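A.B. asks: Encoded as structure tokens, here's the structure I'll be asking about.
Since every read-out is calculated from the coordinates, none of them should be taken as a lab result. Worth saying up front: this structure is predicted, and the values here are computed from it rather than measured. Every residue, glycine as well, gets a Cβ built from its backbone with ideal geometry; the counts of neighbours run over all protein chains shown.
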There are 2 protein chains.
Amino acid sequence: MANYQKMNVSGTERVELHDKIGLTGAEISVNVLPAGACVPFVHAHKQNEEVYIILEGRGRMVLDGESVELSANDYLRVSPAAKRQIFAAADSAIKYICIQTKAGSLENYTATDGIM
Amino acid sequence: MANYQKMNVSGTERVELHDKIGLTGAEISVNVLPAGACVPFVHAHKQNEEVYIILEGRGRMVLDGESVELSANDYLRVSPAAKRQIFAAADSAIKYICIQTKAGSLENYTATDGIM
């Protein structure tokens, strides 16, 4: 596999990057919900931790029945078992990245994984 | 550990999220380089794949001696062994997310890991 792979993501269609840029440690998707819309189901995960990064707009996530407000520059970790559903605000679209990684898989990072 | 943890990241100081939001499958940092600046060293990784997500601005990464242009909405995967160094453009700052995950750690995702 090439040592790197790059893709530019614009537009409002959901983009799943795993196969497009050859990811092996994560799935990363880029998503836009128009004002008033939501992902039309509640879901959880078997193994994967998710991180939601809000790029633009506002909305909320219902997490195990609790509503959490979301706005640009929020970084939200969600444990695998949490039941989640994301909503755009009534008057604002929301654009966000969703990162899936296997919970507990990171062994070292930054100073303990880097080679100078 | 709580089923979720959230943090808002603004400003130009580097923020490392692993401990702040309880990550276990990734380290995620948010970084800003002013125009003309660079990370002042070349590095690689032992285990970790990195994904760079360009949020704002322009710059480039030198990857094993090859220069790759970067601009907003670019998603760049870098293999652990690749020698990398990121630069802001001479006339533009660059704001980016860096995600570290253990290469090869993702087993299932989306349809095969989700529970409806």
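A.B. asks: How do the strands (runs of 3 or more DSSP E) wholly within chain B filter down when requiring 1 or more residues that are touching a strand residue (DSSP E or B) at 6+ places or on another chain (Cβ under 7 Å), more than 7 Å from every other protein chain (Cβ to nearest Cβ) and among the charged types (D, E, K, R): which remain?
C.D. replies: Filter on chain B gives B:48-63, B:66-71, B:84-88, B:94-102.
A.B. asks: Does B:LYS46 count as surrounded by fewer than 23 Cβ atoms within 10 Å (Cβ to Cβ), among the basic types (Lys, Arg) and touching a helix residue (DSSP H, G or I) at 6+ places or on another chain (Cβ under 9 Å)? Walk me through how you get there before you give the answer.
C.D. replies: Values: surrounded by fewer than 23 Cβ atoms within 10 Å (Cβ to Cβ): yes; among the basic types (Lys, Arg): yes; touching a helix residue (DSSP H, G or I) at 6+ places or on another chain (Cβ under 9 Å): yes.
Spelling it out, B:LYS46 is indeed surrounded by fewer than 23 Cβ atoms within 10 Å (Cβ to Cβ), among the basic types (Lys, Arg) and touching a helix residue (DSSP H, G or I) at 6+ places or on another chain (Cβ under 9 Å).
A.B. asks: Residues that are closer than 25 Å to A:VAL68 by Cα and among the hydroxyl-bearing types (Ser, Thr, Tyr): does the stretch B:16-36 have at least one?
C.D. replies: For the stretch B:16-36, residues closer than 25 Å to A:VAL68 by Cα and among the hydroxyl-bearing types (Ser, Thr, Tyr): present.
A.B. asks: Applying the selection to the stretch B:75-97, what residues are surrounded by fewer than 20 Cβ atoms within 10 Å (Cβ to Cβ) and closer than 20 Å to A:VAL51 by Cβ?
C.D. replies: The answer is B:LYS95, and nothing else.
A.B. asks: Please verify whether A:ASP19 is surrounded by fewer than 17 Cβ atoms within 10 Å (Cβ to Cβ) and either over 17 Å from the mean Cα position of the chain (by Cα) or among the small types (Gly, Ala, Ser) (or both), treating the condition exactly as stated. If you could, list the steps in order and put the result at the bottom.
C.D. replies: Numbers: surrounded by fewer than 17 Cβ atoms within 10 Å (Cβ to Cβ): yes; either over 17 Å from the mean Cα position of the chain (by Cα) or among the small types (Gly, Ala, Ser) (or both): no.
No: the conditions fail for A:ASP19.
A.B. asks: Turning to a different aspect of this structure: Among the residues of the stretch B:70-101, how many are in contact (Cβ under 8 Å) with a residue 60 or more places away in the chain and within 14 Å of A:ALA26 (Cα to Cα)?
C.D. replies: Initial filter on the stretch B:70-101 (in contact (Cβ under 8 Å) with a residue 60 or more places away in the chain): B:93-101.
The next check asks that each one be within 14 Å of A:ALA26 (Cα to Cα); those that pass are B:98-101.
Within the stretch B:70-101, residues that are in contact (Cβ under 8 Å) with a residue 60 or more places away in the chain and within 14 Å of A:ALA26 (Cα to Cα) number 4.
A.B. asks: Further question on the same structure: Looking at A:GLY25, A:GLY36 in this structure, which one is buried (at least 19 other Cβ atoms within 10 Å of the Cβ) and not hydrophobic (A, V, I, L, M, F, W, C)? Quick ask: steps written out before the conclusion?
C.D. replies: Details: A:GLY36 fails: buried (at least 19 other Cβ atoms within 10 Å of the Cβ).
Within the list A:GLY25, A:GLY36, the selection yields A:GLY25.
A.B. asks: Please find, among A:GLU27, A:GLU49, the residue that is under 21 Å from B:ASP113 (Cα atoms), touching a residue at least 40 places away in the same chain (Cβ under 8 Å) and touching a His at 6+ places or on another chain (Cβ under 6 Å).
C.D. replies: A:GLU27
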